[in-house]
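What follows draws every value from the coordinates through simple rules; no lab data is involved. Quantities reported herein were computed from a predicted structural model and do not represent experimental measurements. No Cβ is skipped: glycine too gets one built from the backbone with ideal geometry, and neighbour counts run over all protein chains shown.
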Amino acid sequence: MNQQIPKIISLVNKTVIFLAGIGAIIISVGSLFGFLDIPLAKYPELTILLIGLFLTGISVLLIDGVNHIELLLQSKSISETIRLENVDDMYDYINRHLKSASISIDDITWGSRKGNRTKSEDEGYQKYLKTIEKVCKKKNIRYREISSLSDEHFFKRSINLMKYYNYHLGYYDISQNQIPLITFIVIDSKKVITANYRAPFLPPEGEVNLLISDPDVVKLYGDYFEALWFNSKKIKDNIQTDNKLIEQIKKKLNI
């Protein structure tokens, strides 16, 4: 639909209401002061009509105002950024938003950090793993992961997900490049959740993890993922599986 049509309709509606309101005022004032020979008391139908026009105009203007307020609130929520105060919050948000995904998930898992510090963090991580598997079972969602498969845990985790058609895996060997790498998840190209980035040199205290829904920032992360995905070694892409590369990684990890 032409984007100008709703604006034209709105303008016509407002013009009609404005003219009707002006007409109602002229008739009412004219009759009241005797400028017009239309005694409203003798024409109750006209009185009801004028009141109806007035109330209709007020209603339309109120609805228009509410719609503008709603649009403002929506635009504010679209650009929302929420700071995740701790690891528990991070896993909680990841789990909830993964479950609500309907189109795609692009996941960076460098595996630089090993293990969780507390029982609640580990429980959150286990829920995250179960959520990933549930999402990969869905037929309408594409799940792409880029991983370094840095140890046996991450290797087995990803190999287990390869049995699902919608799961795709890209690989980078970063064993000779010990640099801090940011982990993030892009959900439906609408939201980004950032996670670990201080490992392997600094403790996680002080990490600023965010849930971001600003369209430009989400687009940046999405485009960065595409650049990483393009040059990654594809262990699994659609139904194609690189079994030779899998064996090489297993040998490297002594599995």
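For the stretch 114-218, state which chymotrypsin sites (Phe, Trp or Tyr not before Pro) are in a DSSP loop and have at most 11 other beta carbons lying within 10 Å of their beta carbon.
PHE201
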inquiry  = My understanding is that a pair violates if its Cα-Cα distance is over 29 Å; which of LYS156/LYS219; LYS139/LYS252; LYS137/LYS233 do that in this structure?
reply    = LYS156/LYS219; LYS139/LYS252
ask   = What trypsin sites (Lys or Arg not before Pro) does the stretch 155-205 have in DSSP loop regions with at most 13 other beta carbons within 10 Å?
value = LYS163
request  = With a cut-off of at most 13 other beta carbons within 10 Å, and DSSP calling the residue loop, which GluC sites (Glu not before Pro) in the stretch 178-255 qualify? Please list them.
outcome  = GLU205
ask   = Over the stretch 135-255, what relative contact order in percent results from Cα pairs under 8 Å that are six or more residues apart?
value = 24
ask   = How many angstrom separate the Cα center of the stretch 106-146 from the Cα center of the stretch 156-175?
value = 12
ask   = What is the stretch 81-253 by shape, rounded, prolate or oblate, if you read a ≥ b ≥ c off the alpha carbon gyration tensor as root eigenvalues and call it rounded for a/c under 1.5, prolate for a/b larger than b/c, and oblate otherwise?
value = rounded
